[in-house]
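The values are calculated or read from the model by the stated rules, or taken from the named source; none is laboratory data. Since the model is a prediction, treat every value here as computed from it, not as a measurement. Don't worry about glycine lacking a Cβ; one is built from the backbone with ideal geometry, like all the others, and counts go over all protein chains shown. For accessibility, only protein heavy atoms count, side chains too; no ligands or nucleic acids. Shrake-Rupley method; radii C 1.70, N 1.55, O 1.52, S 1.80 Å.
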There are 2 protein chains.
Amino acid sequence: MGQVKIALIQVSAAKGPAANLKKNITKIEEAARKGARIICLEELFLTPYFPQTENAKNFRFAETIPGPTVQALSKVARENAAVLIVPIFEKRTRGIYHNSAAVIDADGRFLGAYRKMHIPDDPQFFEKFYFSPGDSGFKVFKTRYAKISVLICWDQWFPEAARSAALQGAEIIFYPTAIGHSLKEKPKVVAGQISAWEIIQRSHAVANGIFVAACNRTGKEGGLNFWGNSFVSDPFGKIIARARTKEQIVFAVCDFSEIEMTRQNWPFMRDRRVDAYQPVLERFIDE
Amino acid sequence: MGQVKIALIQVSAAKGPAANLKKNITKIEEAARKGARIICLEELFLTPYFPQTENAKNFRFAETIPGPTVQALSKVARENAAVLIVPIFEKRTRGIYHNSAAVIDADGRFLGAYRKMHIPDDPQFFEKFYFSPGDSGFKVFKTRYAKISVLICWDQWFPEAARSAALQGAEIIFYPTAIGHSLKEKPKVVAGQISAWEIIQRSHAVANGIFVAACNRTGKEGGLNFWGNSFVSDPFGKIIARARTKEQIVFAVCDFSEIEMTRQNWPFMRDRRVDAYQPVLERFIDE
């Protein structure tokens, strides 16, 4: 495939799952009408960001994959000839839940799901209470328009995750995300956080010569202010599309010839020392 | 150790090894007078960047480690109570040469050398002709003032190298460098290259919660224009000191309490999935 137009649906949360599903379907249809063929939703898009607190009642929001949301969006994918990346709070079995993302091909076929591998746990981001870490590794999905990988939010801080995706042939990594700051945080600190968040993801594009697309939530919820700032980076780390804090569909054309051109001119992939990276498999190397 | 002032000696090349040694010693003494306790020189600082061409006569510039340059700079280190990072074209034996960096402690003791692991080969950067890839892995040196790692130029594009250093306890990674652009290159392209170079190195600081210091050559040599732009990043990717293209000593104070504070607040090290990073050891994962 030569190129594809992608879209990131950056919205604030409506009240309940039904309202969020409806809101996001409207945006998907708009994005598809405007030419987007791969469309990514935010992390846990069906609900407000409930891991702000630890409350067992929130497990009621979980569903199976495939399940009702995949079913509903399969129809939307088919009708719009669009690949959809659909983050879902997944109930795998009684007592095992994941922070996942389903991938639906442009013909409506469910291609599989990625289960978030790196689970954060910080004040107001109590994800370890809700989500078991994924146990099926990093994945690539062959969609009609591109080979894509989906990683979720906290995964974005780990170069090994992006590398694993790229080595499986991913052309674009999508990062459905829900990152924001406490309302008590100072603006200067927040600016530094957004900068670090942007740098680490652009670096995955540079290191691997691939497109990177971060789709973040926006708006205020309880004690958190989500950043928005969804963006797409080209294979050399240049931002080719971006939002700020408003609700927005971010569009970008990913021309895959740039992957090859970048990797030919900056041949990092050629020179990796795969014989010498064993330290990366360690937690820490004690003296 | 609580903190240390470091210095990066960004200079253009003088004509021969003797002149470059003298020039750099003068700069080291100035940096030490101004309080720097760890001082880093540029990649292959004794010569112009000879890998612009493939010419076997250039092997005459190689020397052993330790050898005359380490001997001369051990004295300088001791007299100035400064740790020195000394890049050297190393002759290991007949026909095996490395692009290396010696580390000399503040008492003049030779602590060991790092041999560049990732060797580039691009037009005007024909390093594969001269240098065998290092075979002793990524290293940490316990100096009087800090645990440091030295990686060299092309190494900077590989997150695995920085990770391996951080997992061995490095507090600062130094990148002696000789990167520039062909005189034929368009300014817009060069700006993109400098941006990518900066992003990838700042990302190592972010991913690992450590200080990163890039010491680049400056000035025009033959068909190349070296960028300068030496900089120091704090553990959250913020640039705390930087040069542009002029000859300059870049100073920065690295406060190691920031490493712990950053890692406590953004605990990536806690959540690494060391059970799932095996793909990183592959060249490519064919379908």
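Quick notes
- Any hit, the stretch A:159-166, residues being closer than 20 Å to A:V212 by Cα, in contact with a Gly (Cβ under 8 Å, 6 or more places away or on another chain), part of a helix (DSSP H, G or I) and open to solvent by less than 10 Å² (accessible area, probe 1.4 Å): yes
Residue by residue, here is whether (1) among the hydroxyl-bearing types (S, T, Y); (2) buried (at least 23 other Cβ atoms within 10 Å of the Cβ) holds:
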site: A:E29; (1), (2): no, no
site: A:A36; (1), (2): no, yes
site: A:I39; (1), (2): no, yes
site: A:E42; (1), (2): no, yes
site: A:F45; (1), (2): no, yes
site: A:T53; (1), (2): yes, no
site: A:K57; (1), (2): no, no
site: A:A62; (1), (2): no, no
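- The stretch A:121-138, residues that are part of a loop (DSSP other than H, G, I, E, B) and under 11 Å from A:Q52 (Cβ atoms): A:P123, A:Q124, A:F126
- The set of residues in the stretch B:217-251 being assigned to a strand (DSSP E or B), open to solvent by 10 Å² or more (accessible area, probe 1.4 Å) and not polar (S, T, N, Q) consists of B:G219, B:K220, B:E221, B:I239, B:I240, B:A241, B:R242, B:I249, B:F251.
- The stretch B:258-277 residues that are within 17 Å of A:E127 (Cα to Cα) and modelled with pLDDT of 95 or more, paired with ones that are of a type outside the set (A, V, I, L, M, F, W, C) and open to solvent by 20 Å² or more (accessible area, probe 1.4 Å) (beta carbon under 6 Å, 6 or more apart): B:M269/B:R263
- Residue count for the stretch A:182-216, restricted to those that are under 18 Å from B:W157 (Cα atoms), part of a helix (DSSP H, G or I) and either at the interface with chain B (Cβ under 9 Å from one of its Cβ atoms) or out of contact with any helix residue (DSSP H, G or I) (no Cβ under 6 Å at 6 or more places or on another chain) (or both): 11
- Residue in the stretch B:192-214 that is farther than 26 Å from A:R273 by Cα and buried (at least 18 other Cβ atoms within 10 Å of the Cβ) present: no
- When the stretch B:127-138 is limited to residues that are within 11 Å of chain A (Cβ to nearest Cβ) and farther than 20 Å from B:A196 by Cβ, the one that is surrounded by the most Cβ atoms within 10 Å (Cβ to Cβ) turns out to be B:F138.
- Filtering the stretch A:252-287 to residues that are assigned to a helix (DSSP H, G or I), within 10 Å of another protein chain (Cβ to nearest Cβ) and not polar (S, T, N, Q) leaves A:F268, A:M269, A:R270, A:D271, A:P279, A:V280, A:L281.
- Hey, B:A146 over 17 Å from B:A214 (Cβ atoms), away from every other protein chain (no Cβ under 14 Å) and small (G, A, S) or not: no
One line per residue, one yes/no per condition, for (1) away from every other protein chain (no Cβ under 13 Å); (2) touching a residue at least 12 places away in the same chain (Cβ under 8 Å); (3) out of contact with any Ser or Thr (no Cβ under 9 Å at 6 or more places or on another chain):
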| site | (1), (2), (3) |
| --- | --- |
| B:Y97 | yes, yes, no |
| B:S100 | yes, yes, yes |
| B:I104 | yes, yes, no |
| B:L111 | yes, yes, no |
| B:I119 | no, yes, no |
| B:P123 | no, yes, no |
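- Qualifying residues in the stretch B:139-152 (those that are open to solvent by less than 10 Å² (accessible area, probe 1.4 Å) and in contact (Cβ under 8 Å) with a residue 60 or more places away in the chain) - the one farthest from B:Q278 (Cα to Cα): B:A146
- Residue satisfying all of: in the stretch B:113-126; open to solvent by 10 Å² or more (accessible area, probe 1.4 Å) and within 20 Å of the chain's Cα centre (by Cα); nearest to A:N265 (Cα to Cα) among these: B:D122
- Filter pass, A:K220 being within 13 Å of another protein chain (Cβ to nearest Cβ), closer than 29 Å to A:I9 by Cβ and modelled with pLDDT of 95 or more: no
- Residue, farthest from the other protein chains (Cβ to nearest Cβ), within the stretch B:156-176, restricted to residues that are within 21 Å of A:F284 (Cβ to Cβ) and of a type outside the set (A, V, I, L, M, F, W, C): B:E171
- Selection within the stretch B:1-49 - small (G, A, S) and either touching a residue at least 60 places away in the same chain (Cβ under 8 Å) or in a loop (DSSP other than H, G, I, E, B) (or both): B:G2, B:A7, B:S12, B:A13, B:A14, B:G16, B:A31, B:G35, B:A36
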